[in-house]
Amino acid sequence: MLHQERNPDPMRSLQVQGPGASCYSQKSFDLIMFESPVTQFTAQRRDVPVPRELTGSEAARYAQGLESEYAFLTGRLKRDLPPLPSGGDVQAYHKFFQEQREGKLTLRDISYNSGNLSATWGVGPYPAYNLFAESPTPALAAFGANVGSSLMLLTSDGRLILQCRSDKNDKYKGTIAVAAAGLVNAPKKDDAGTIDVLRVSVANLLREGSEEIGLRERYEASLGISAIVIGKQTLHHEIPFRLTSTRTASELLQSVRTNEFKDSPVAFREAAVAIPATSDAIRKLLVESRCPIPDTHAGMLVQEALRARLETENSAAAYRWFGRLFFDMEEQAEHIGKLCGGSYNPNRTLEEQGLPPLREELKRLFGQDVEFAEPPK
């Protein structure tokens with residue numbers, strides 16, 4: 001049986017601790033910004049135990065989820081894995097996925113110190129995220145929390161490239177998002193006791209950007225990050241990267257139109273859009289659009305809006321504007337919830353919830369100052 005631990009405050013282990021890490025909190029995300037850019041982020045291996053708070057029915061669902069995941073990995077994805085332990089024991093199943101490192105990266109106990117980050121890392125099987133990341137039980141939500149990496153992509157001619165998520169996505173179907181993103185796979189190397197979180201996250205983005213929007217940019221030189229975002233709607237950490245391309249918006253959108261990546265059950269091409277990379281344009285997207293934005297991506301856009309604002313006015317005025325933006329976003333989220341009949345559900349499409357199509361909303365907001373690109377059929 002796996003060793004189990006009871007953390008008196010399981011959510012605390014997901015927060016970023018340390019002087020110089022400032023947290024700006026909303027209902028849907030926490031934006032933790034650092035006083036100095038982070039260029040070193042190391043993590044030590046530590047298995048994530050099955051929490052004692054798992055009830056009998058939840059344990060059965062998790063066991064079934066792991067069985068289905070194993071069938072998917074060995075069947076659809078042709079993974080060469082040892083046999084899954086027999087008997088349906090959730091502890092044995094979870095231990096198997098930990099030992100095989102079949103799952104997503106998890107981070108716990110993140111500490112910030114003088115521009116460096118450190119943490120512990122583990123393997124989070126995807127069914128844990130899928131089943132429990134939205135759980136109202138803190139220990140289960142923390143158990144399901146995985147790590148994603150995302151890219152804020154700006155162009156040489158002052159535009160912002162965003163992704164139009166298709167309804168194929170498990171969550172936030174048909175919404176707007178940053179240029180490329182995805183949950184990070186747990187490292188599989190035998191010697192991966194200590195990992196470089198930034199390099200693992202960037203490797204994930206290189207793959208996601210290539211698959212989703214045909215991005216061929218190389219951004220190893222931009223390894224530093226200035227924030228971490230914690231999504232609260234589907235609890236997870238987001239490692240946000242920012243890149244200003246040497247290419248124009250039209251050139252980058254052409255990569256979307258000619259993206260020949262072959263879609264698979266776990267990766268597929270996406271459409272994209274270019275809007276002005278100004279604080280006012282981003283604010284319009286955040287507080288006037290009736291289409292929701294993935295929680296962590298909204299946090300990234302907030303930070304980008306503040307960065308753009310600081311280029312046009314003094315710090316005091318920019319941060320007052322930043323505070324009003326947070327307030328207005330909360331009001332808009334409530335408005336969207338009312339349009340949905342109570343609350344927005346990221347597992348359902350916009351159309352199913354009575355919300356307008358994304359492209360229709362972007363045209364309403366930006367008129368002729370928006371350009372779309374679809375992948376080839």
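The values are calculated or read from the model by the stated rules, or taken from the named source; none is laboratory data. Because the structure is a prediction, the values reported are computed rather than measured. Reconstructed Cβ throughout: ideal geometry from the backbone, glycine too, with neighbour counts over all protein chains shown. SASA here: full protein model, heavy atoms, side chains in, ligands and nucleic acids out. Shrake-Rupley method; radii C 1.70, N 1.55, O 1.52, S 1.80 Å.
Determine, yes or no, whether Leu253 is in a helix (DSSP H, G or I) and closer than 28 Å to Arg108 by Cβ. When the stated conditions are applied, Leu253 does not pass them.
Which one is farthest from Gly103 (Cα to Cα) among residues in region 62-73 that are surrounded by fewer than 16 Cβ atoms within 10 Å (Cβ to Cβ) and not hydrophobic (A, V, I, L, M, F, W, C)?
Gln64
Answer yes if at least one residue in region 302-310 is within 30 Å of Arg12 (Cβ to Cβ), in contact with a Leu (Cβ under 7 Å, 6 or more places away or on another chain) and either open to solvent by 60 Å² or more (accessible area, probe 1.4 Å) or of a type in the set (S, T, N, Q) (or both), and no otherwise. So far as region 302-310 goes, yes, one or more of its residues are within 30 Å of Arg12 (Cβ to Cβ), in contact with a Leu (Cβ under 7 Å, 6 or more places away or on another chain) and either open to solvent by 60 Å² or more (accessible area, probe 1.4 Å) or of a type in the set (S, T, N, Q) (or both). From the list Thr349, Thr312, the lone residue that is out of contact with any Asp or Glu (no Cβ under 9 Å at 6 or more places or on another chain), part of a loop (DSSP other than H, G, I, E, B) and β-branched (Val, Ile, Thr) is Thr312. If you go through region 364-377 and pick out every residue that is farther than 18 Å from Arg283 by Cβ, open to solvent by 40 Å² or more (accessible area, probe 1.4 Å) and more than 23 Å from the chain's Cα centre (by Cα), you end up with 3.
Let's see how each residue does on (1) touching a Pro at 6+ places or on another chain (Cβ under 6 Å); (2) within 17 Å of Leu206 (Cα to Cα); (3) of a type in the set (A, V, I, L, M); (4) modelled with pLDDT under 95:
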| residue | (1), (2), (3), (4) |
| --- | --- |
| His237 | no, no, no, no |
| Arg242 | no, yes, no, yes |
| Thr246 | no, yes, no, yes |
| Ala249 | no, no, yes, no |
| Leu252 | no, yes, yes, no |
| Glu260 | no, yes, no, yes |
| Ala267 | no, yes, yes, yes |
| Glu270 | no, yes, no, no |
| Ala274 | no, no, yes, no |
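Under the condition of being in contact with a strand residue (DSSP E or B) (Cβ under 7 Å, 6 or more places away or on another chain) and over 30 Å from Lys78 (Cβ atoms), which residue from region 253-267 is most open to solvent (accessible area, probe 1.4 Å)? Selected residue: Arg257. Scan region 338-352 and give yes if some residue there is basic (Lys, Arg) and surrounded by 14 or more Cβ atoms within 10 Å (Cβ to Cβ), otherwise no. Yes: region 338-352 contains one or more residues that are basic (Lys, Arg) and surrounded by 14 or more Cβ atoms within 10 Å (Cβ to Cβ). Looking only at region 138-169, count how many residues are hydroxyl-bearing (Ser, Thr, Tyr) and either in contact with a Phe, Trp or Tyr (Cβ under 9 Å, 6 or more places away or on another chain) or surrounded by 24 or more Cβ atoms within 10 Å (Cβ to Cβ) (or both). Going through region 138-169 one residue at a time, the tally reaches 3. When the residues of region 268-295 are filtered to those that are open to solvent by 10 Å² or more (accessible area, probe 1.4 Å) and assigned to a loop (DSSP other than H, G, I, E, B), which remaining residue is farthest from Arg307 (Cα to Cα)? Looking at residues that are open to solvent by 10 Å² or more (accessible area, probe 1.4 Å) and assigned to a loop (DSSP other than H, G, I, E, B), I get Phe268. The number of residues in region 315-346 being assigned to a loop (DSSP other than H, G, I, E, B) and in contact with a helix residue (DSSP H, G or I) (Cβ under 9 Å, 6 or more places away or on another chain) comes to 6.
Among strands (runs of 3 or more DSSP E) entirely within region 116-232, having at least 3 residues that are farther than 28 Å from Phe97 by Cα singles out 146-154, 159-164, 176-178, 225-231. Restricting attention to region 349-364, does a residue exist that is touching a helix residue (DSSP H, G or I) at 6+ places or on another chain (Cβ under 8 Å) and without any contact (Cβ under 8 Å) to a residue 60 or more places away in the chain? Checked region 349-364: at least one residue is touching a helix residue (DSSP H, G or I) at 6+ places or on another chain (Cβ under 8 Å) and without any contact (Cβ under 8 Å) to a residue 60 or more places away in the chain.
Counting only residues that are touching a strand residue (DSSP E or B) at 6+ places or on another chain (Cβ under 7 Å) and free of Cβ contacts under 8 Å to residues at least 40 places away in the same chain, give me the strands (runs of 3 or more DSSP E) lying completely in region 5-110 with at least 1 of them.
Numbers: elements: 21-25, 29-38, 40-45.
Strands (runs of 3 or more DSSP E) meeting the threshold: 21-25.
As a summary of the residue check, Phe34 satisfies the conditions (1) open to solvent by 40 Å² or more (accessible area, probe 1.4 Å); (2) under 22 Å from the mean Cα position of the chain (by Cα) except for the one numbered (1). Among residues of region 215-238 that are open to solvent by 40 Å² or more (accessible area, probe 1.4 Å), those with a beta-carbon under 9 Å from a residue that is at pLDDT below 95 and acidic (Asp, Glu) at least six positions away or on a different chain give the pairs Gln233/Glu134.
Hey, among Ser156, Ser210, Ser150, which residue is among the small types (Gly, Ala, Ser), more than 24 Å from Arg61 (Cβ to Cβ) and over 18 Å from the mean Cα position of the chain (by Cα)?
Ser156 is the lone residue from the list that is among the small types (Gly, Ala, Ser), more than 24 Å from Arg61 (Cβ to Cβ) and over 18 Å from the mean Cα position of the chain (by Cα).
Among the residues of region 279-313, those that are among the hydrophobic types (A, V, I, L, M, F, W, C) and more than 18 Å from the chain's Cα centre (by Cα) comprise Ala281, Ile282, Leu285, Val287, Ala305, Leu306, Ala308, Leu310. For the structure I just gave you, tell me whether Val90 is crowded, with 23+ Cβ neighbours inside 10 Å and either of a type outside the set (Ser, Thr, Tyr) or at pLDDT 95 or above (or both). The answer is no for Val90.
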